[in-house]
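Have a look at this one before I ask anything.
The values are calculated or read from the model by the stated rules, or taken from the named source; none is laboratory data. Predicted model, so just to flag it, every value in this text is computed and none were measured. Reconstructed Cβ throughout: ideal geometry from the backbone, glycine too, with neighbour counts over all protein chains shown.
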Amino acid sequence: MTVILDHVGIKVSDFIRSRDFYTASLGALGIKLLAEFEYEGVTSAGYGNDRGPTFWLGTGKMLRAGDTHVAFKAPSRSAVEAFYTVALAAGGRDNGPPGLRPHYHPDYYAAFVLDPDGNNIEAVYVGPAGGKP
C-alpha cells in the first residue's frame, strides 16, 4: 500500500492545553509525542510512531473552529473505546461515541471527539470485532 500523505498539521489556540490533550488521547492509540520545538515564533509538537511524526500541532492563525477533521487509525475496537474515554477525560467533548458506522462500511467502528478548539478528531478501526483490519 502506498502512503499518500507525509504529514498533517493543525493550528491550536492554547498550545499546552492541546499538547496535553493530544498526548493523552493519541497515547491510547499507541501514537506518541516525538518532537516539540519553537521556530520563528511558532511552537510545534509532532506525533507519530516508528516512522516519525506525521501529525503536527502548531501555534498561529487558526481556521474557524470545527473546520478540521482528522481520523487516526486504531489497532482495534478496544483502542477506539480507550481513545474516546481518555480524550473525554483530557478535556475533549463527545461528538459521537464508539460504535459501528455501517453507512461508511459494515465494519467501520469509530468514535468522535471535539478537541479543545472544536476540531473533530476521530479514532477508527475497520474490521471485524477481535480481528485484523
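Matching residues to (1) closer than 15 Å to A123 by Cβ; (2) touching a helix residue (DSSP H, G or I) at 6+ places or on another chain (Cβ under 8 Å); (3) surrounded by fewer than 18 Cβ atoms within 10 Å (Cβ to Cβ); (4) among the hydroxyl-bearing types (S, T, Y):
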{"position": "D14", "(1), (2), (3), (4)": "no, no, yes, no"}
{"position": "F55", "(1), (2), (3), (4)": "yes, yes, no, no"}
{"position": "G60", "(1), (2), (3), (4)": "no, no, yes, no"}
{"position": "F72", "(1), (2), (3), (4)": "yes, yes, no, no"}
{"position": "V80", "(1), (2), (3), (4)": "yes, no, no, no"}
{"position": "Y84", "(1), (2), (3), (4)": "yes, no, no, yes"}
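Still on this structure, I have one more. Within region 93-102, can one find any residue that is of a type in the set (A, V, I, L, M) and assigned to a loop (DSSP other than H, G, I, E, B)?
The answer is no, given that none of the residues of region 93-102 is of a type in the set (A, V, I, L, M) and assigned to a loop (DSSP other than H, G, I, E, B).
Filter region 1-22 for residues that are closer than 16 Å to G91 by Cβ and free of Cβ contacts under 8 Å to residues at least 40 places away in the same chain and give the result.
Result: I16, R19.
When the residues of region 1-57 are filtered to those that are closer than 24 Å to A111 by Cα and among the hydroxyl-bearing types (S, T, Y), which remaining residue is modelled with the lowest pLDDT?
Filtering first and then ranking leaves S13.
I've got another one for you. Check whether at least one residue in region 30-52 is touching a strand residue (DSSP E or B) at 6+ places or on another chain (Cβ under 9 Å), touching a residue at least 60 places away in the same chain (Cβ under 8 Å) and not in a strand (DSSP E or B), and report yes or no. Step through it out loud before you land on a result.
Within region 30-52, the subset touching a strand residue (DSSP E or B) at 6+ places or on another chain (Cβ under 9 Å) is 30-38, 42-49, 52.
From the residues that got through so far, the ones that are touching a residue at least 60 places away in the same chain (Cβ under 8 Å) too are none.
There is no residue in region 30-52 that is touching a strand residue (DSSP E or B) at 6+ places or on another chain (Cβ under 9 Å), touching a residue at least 60 places away in the same chain (Cβ under 8 Å) and not in a strand (DSSP E or B).
Give the residue that is farthest from I31 (Cα to Cα), with candidates limited to residues of region 96-124 that are of a type in the set (S, T, Y) and at pLDDT 90 or above. Show your work before the answer.
Taking region 96-124 first, the residues of a type in the set (S, T, Y) are 104, 108-109.
Remaining after also requiring at pLDDT 90 or above: 108-109.
Details: Y108: 20, Y109: 18 Å.
Filtering first and then ranking leaves Y108.
Return yes when T85 is closer than 29 Å to D107 by Cβ and either assigned to a loop (DSSP other than H, G, I, E, B) or modelled with pLDDT under 95 (or both) and no when it is not.
Spelling it out, it is not the case that T85 is closer than 29 Å to D107 by Cβ and either assigned to a loop (DSSP other than H, G, I, E, B) or modelled with pLDDT under 95 (or both).
Inside region 103-130, can you point out the residues that are among the small types (G, A, S) and under 26 Å from L57 (Cα atoms)?
Within region 103-130, A110, A111, G118, A123 meet the criteria.
Still on this structure: Given the structure, is S18 buried (at least 17 other Cβ atoms within 10 Å of the Cβ) and part of a helix (DSSP H, G or I)? Before the answer, list the steps.
Values: buried (at least 17 other Cβ atoms within 10 Å of the Cβ): yes; part of a helix (DSSP H, G or I): yes.
Yes; evaluated as a whole, the condition is true for this residue.
Continuing with this model, one more query. State whether the residues of region 88-107 include one that is touching a Gly at 6+ places or on another chain (Cβ under 7 Å), over 22 Å from H7 (Cβ atoms) and not aromatic (F, W, Y). Step through it out loud before you land on a result.
So in region 88-107, the residues touching a Gly at 6+ places or on another chain (Cβ under 7 Å) come out as 107.
This time we only want the ones that are over 22 Å from H7 (Cβ atoms), so: 107.
Within this subset, residues satisfying the condition of being not aromatic (F, W, Y) are 107.
There is at least one residue in region 88-107 that is touching a Gly at 6+ places or on another chain (Cβ under 7 Å), over 22 Å from H7 (Cβ atoms) and not aromatic (F, W, Y).
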